[in-house]
Each structure stands twice: as C-alpha cells, then as structure tokens.
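The values are calculated or read from the model by the stated rules, or taken from the named source; none is laboratory data. No experiment lies behind these values; they were computed from the predicted model shown. No Cβ is skipped: glycine too gets one built from the backbone with ideal geometry, and neighbour counts run over all protein chains shown.
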Amino acid sequence: MKTIRLGAAILLALSPLLLTPPAVLADTTVAPLPASSVLPQEAKQETKHEVQEDAKDDVVFRALKDELERSTRNLKLGHHAAPYFIRYTVNEAEELDIHGSLGAQPCVEKSKTRYLDPDLRVGSYDQDNSNFLPTETKRLEGVESVTSENDYTALRRYTWLKTDEAYKAAIEDLETKIAYLRGHPLRDRLPDFVRATPVVSLEDAGKLTVDEKKWTTAVQDLSAVFKAYPKIQRSCVVFKCRRLNRWLLNSEGTKIRDTRSKYLLHMMVTAQADDGMSLSDWEVVGAPAEDQLPELSALKKIAANMGERMTRLCSAPKGEDYCGPVMFEGQAAGEFLYTLLGPNISMAEEPIGLNSDQNYYEHWRNPLKDSLGRRILPKYVSLIDDPGATVFKGVPLLGGYKYDDDGVPGRAITIAENGLLKAFCQDRVPTKHCAESNGHAYRGRSAPSVLQMVASQTNTPAQMKQKLMDMGKDAGLKYVIIVRKLNDNYQLNENPPATNPRSLERRDTPNYTRKPGVPSLAYQVNVDDGSETMIRGVEFKDVSLRAFRDIQAVGDDAAAQFLQPWGEPLKHVVSPSYIVGELELTTQNAEHATPPDLPSPLAGEK
C-alpha cells in the first residue's frame, strides 16, 4: 500500500496544476499564475463592479459559483477521473471577547475570519475517495483563512488554489483506497455517498451586534465578586459573542446562506484543598440573542454561589471507593448522558480500513450499529434528537440548525422509543439500516444536535432521593452518591476549527465503555436521615453502555444543560435527573501540590 501511495504522490508532484487561473476560461491547459498575480483587466472590471454590489449580488457566491462551474467542466488530471461532486463551504466568524479578573479593567479582543472548506469527490457515488479511515482522519490539516473582504479576485483565486489541492489529494486517496480494497475485498459493500435533493435557502448575512460597553462593565463587576473569597487562587470571567455566517454551494444545485449568533458567559475558579488537591468550578450561561441572557443581578448571584461552593469544597473530605446506586442531577445528568451515548447514536456506518491497523482504528467500531430494535434504555424512556428545537421551558437552546454541514435539512428523529433503539443520527454516508441522510452531518460524519431524554414515568425530587436511599439500604450501604456536576472543558470554541475542519481525529468516537468526567460536585447521602455531605477527589471507573439499561428511576425535573463535547461547539442537552442502579467510583489519583505558605492577600492579612 505504501508503494502505491508513494507512486501516486510522485505522479501528482510531477503533474502541473490542472486548473487555469480564474480569468482564463478556455479548455486548454495554461500555466497557473503566481500567488501574487492579479487577474486580467476584464476580471478587474468585474471585481470593481462588485464593490458596488447590492443586496441581491453576493460576491462570495459569485466566486464560488464561477470556480465550481469551471472545475466541473474542465478539471481532469491525465487518466484520472474528474470530480463527480464538489461542495464549497465558507464559514465567517465575527467575534468579540472580553476577559476579566478580580475587578481589573477587562481585556477586549475583536476578530473577523473566513475559512473555505472544499469537499471534492472523485470516482462515483458508489465508490469515491471518502469513507477510508487511513486517509480521512488526516486529510485537510492546516487550512488557511481566506480574505474577510468581499473581494471577488481574492476569493476566486483562493478557491481555485484550494480546489486544485483538494482534487489532487482526492486522487491520491482514491488510489490508496482502491489498492486497499484489492487486498481486502469487502462483501456487500455499501455506496460511499448518497444523493440528496438540492436545496436553495438564502438568509441575509448578519453582522455582530452587541453592547460592548455594557458587557465590559458586567465582566469587570462579575470578576470582582470573587475578591470576597480568599480561598480561590485563580478566577476569570469571559464574555464571548459570535456571529456566524455560512455560504454553502455544491454541484448538485444546493445553495445555502444562513446566519446565527451566540452570546456566552463563562466563569471559572480554581483553588486548593487543605491537603493540596487542585479543585475547579465553573458556570456557563448562553443564548442565541443578547437580550436572552440573564440580568447582571442574577449573574452576580451565580458568581457568589460559585465562591461559596468552592470555599466549602476546599474543606470537604475526600471520598472513598464506592460501588452502588448513583443519582445524576442537573448538569451531571446531561453530561453523563451525552458522554456515553452521544458518539454511539451517530457514526453507525463502518468506514473502510478499520482492519488496516487494528489497535489504532478499533475505537471507530460503533457497538450499537447492529442493535436496532434492541433495548438500550428502560421501557419508559425515549431519546429524541431535534435540530429544530429552539426553546425548552422558556430556556433558549443552542446546538440546533436548519441545514446540516451537507446542506441537508435537519430532521427530528426518535433515537430510542420506549427503550428500544430505533435510529441513528445520519449524514450522506449510507448504513445498512438507512440509505439516506436525516440531516445530522457534522465535520465529515454524523453527530447529535439537541438531544433530549423523555420519560413517561417520572418522580418528584423528594421521591427520587427516597428511592436512592432505599436502594442504598437494600444494598447494605451507609450512604449513597448524588453527582450534580461533571467536569467539562467549556472552551467556548467554535467548530469546525479553522486548523482542521473535517479531520475525525478530533472527535469523540463510538465506544462501548467510556470514563465520564471527574465529579466536581458530589455528595454522600446518609441512607438513614438523608443528610448530605459534600465530597471531593473521586472519579468513575470505566462505565459501559449497559449503565443506561440500569436506570432505576427518572425525575420530573427535565432541564436544558450546557455541554461541550470534544471537538464540537457548545450545545444544550435536555435531561431529567435519573438513578443508575450500580456504578463504581474510586479515589482520584490526583496530583497534589503544597498549598501557599502565606494566606491570600485577599484575606485581609498584612
């Protein structure tokens, strides 16, 4: 395989660039212009006209459309196949970041960037260069930004260069894949790509609107709240607002321009326990519109609660090894649900090449891909994924969309009904269970959007706690565990990242067992009187998907919770509290450092 791949690479290196510069539309091969060249006078006049564009004339679409038509008509290297499918996606992000700490004057940063992500396929819908793990996990690294100005010349030339690069990479990948299939023939192999009905949907591209002065003052005031808690060693408040515009155009006729906004506030604090154990806590609030964020008074209460909670945690006892029932509430319920199930209810296809490196690619096998119709949850629990969900109990939701990364309309799907697995989130890569997309494409594979757990039998919080205590008594335990928070990175990053828009190496992949995040807010509950003791320093052992079949009770307190899966943007998951019959926690082998010798100057000592 390596020899064939090298040969393809040599062939490509020796071949001239197949595309002519953007202004040359003849079928003959012409040497490409240098990167610093400008277009002929005719194109210059066209560009000059674009400066005075009206709302009906989109320069980004013109550049993409002109290059797509030319590439579809002329692009062909020697005996290799021409591309049968081309899709261009331009993502534009305009951002305002405000960072503050301890009441100091915040730092304000602004940016506006655009990135072009070309998806070019060689071969046919039945067999093309995609869906092959040895090349797909490493393709298109180091993507560069394109001009954020509506300059036809610059946009067209960049699209030309990236098309040429993507075409040659696609040829090499297809040759490598064909060679692999000769040595590893597959029985009943499915097509690599399915057709989709073209869609045309054009929203006006938006601009970022935000009261910068208001939020600069708010960040300063919120960060000052933590001055009252000397146990806290580091703290920060970050306000981030983002306007995202997207242009999507493909050779099948789909043309989409859409826009969305995000307004996020992240508060984070760290401290050390008396024995030196590192501790952290955080809160995230967010909404798709600025006026949907909480008032400053409510945000200050959240910050004060964090400070008090962290102060108590510093003196909390370390937890012990534990095996028994665990109740997940609030953020922990949503985090635990998505961490274990999220990657496994998507990516049900089996990419070619899984056996080429058993150790490296084993984690790409979806353990549920042959489990349709089987039980994964209790009979009274269902799972729904709905990209169109916009609000839950008055809370505006993030994570949904009208059209996915393939330009396919997002559809609400029932993942599990009455506990039985019914469907997967799916993109345009067919599976043996479904031959069409349901609008859940993300970064080259499928992914959930707004995931919701729904139960037909629920209990009040008091009933849930009593059930948990009764289960502990039956098991002969002195206490049971409630987890209210699990660690999450919450970097507020937007995805796909500019550095690698479609690499699958930066995604959570399917797995039968997974280690949830470390509990950052956990309590021991006395089974006799229900008293709660905050604990620290415990972590879960590996948890299998069987845990969800072991759910013993579900609460009536479903709520929208934020989470940020690895390699995905911040999103909501809707989940009630629930009790898992038996899980194992062990003492965390965390690094300890000697606490500072002197108390914090915030304590008031001189």
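Note on the range 204-242: residues that are among the basic types (Lys, Arg), in contact (Cβ under 8 Å) with a residue 12 or more places away in the chain and surrounded by fewer than 21 Cβ atoms within 10 Å (Cβ to Cβ) total 4.
For the range 76-102, a residue qualifies if it is in a loop (DSSP other than H, G, I, E, B), buried (at least 18 other Cβ atoms within 10 Å of the Cβ) and hydrophobic (A, V, I, L, M, F, W, C), and exactly one does: LEU77. Among the residues of the range 346-355, some residue qualifies, meaning at least one is on the phi > 0 side of the Ramachandran plot and either surrounded by 19 or more Cβ atoms within 10 Å (Cβ to Cβ) or of a type in the set (Lys, Arg) (or both).
If you go through the range 179-199 and keep only what is assigned to a helix (DSSP H, G or I) and touching a residue at least 40 places away in the same chain (Cβ under 8 Å), you end up with ALA179, TYR180, LEU181, GLY183.
With a requirement of 3 or more residues that are within 18 Å of LEU102 (Cα to Cα) and not polar (S, T, N, Q), the strands (runs of 3 or more DSSP E) lying completely within the range 200-283 that satisfy it span 232-250, 255-272. For the range 480-491, the count of residues that are over 22 Å from LEU545 (Cβ atoms), polar (S, T, N, Q) and either in the same structural domain as GLY330 (by TED's automatic domain parsing) or without any contact (Cβ under 8 Å) to a residue 40 or more places away in the chain (or both) is at least one. Highlighted here would be strands (runs of 3 or more DSSP E) found entirely within the range 505-606 that include at least 3 residues which are more than 29 Å from LEU451 (Cβ to Cβ), at pLDDT below 95 and of a type in the set (S, T, N, Q), but there are none.
Scan the range 178-189 for residues that are aliphatic (A, V, I, L, M) and buried (at least 16 other Cβ atoms within 10 Å of the Cβ) and report the count. Residues meeting the conditions: 1. Looking across the range 369-410 at every residue that is charged (D, E, K, R) and crowded, with 17+ Cβ neighbours inside 10 Å, the one that is farthest from GLY286 (Cα to Cα) is identified as LYS369. What about SER544, is it among the hydroxyl-bearing types (Ser, Thr, Tyr), free of Cβ contacts under 8 Å to residues at least 60 places away in the same chain and farther than 30 Å from LYS393 by Cα? Judged against the criteria, SER544 is a match. Scanning the range 332-351 for residues that are farther than 26 Å from GLU417 by Cβ and out of contact with any Leu (no Cβ under 7 Å at 6 or more places or on another chain) gives no hits.
For the range 366-419, what are the residues that are hydroxyl-bearing (Ser, Thr, Tyr) and within 20 Å of the chain's Cα centre (by Cα)? Residues satisfying the conditions are THR390, TYR401, TYR403. Summed over the range 531-547, residues that are exposed (fewer than 13 other Cβ atoms within 10 Å of the Cβ) and of a type in the set (Ser, Thr, Tyr) total 1.
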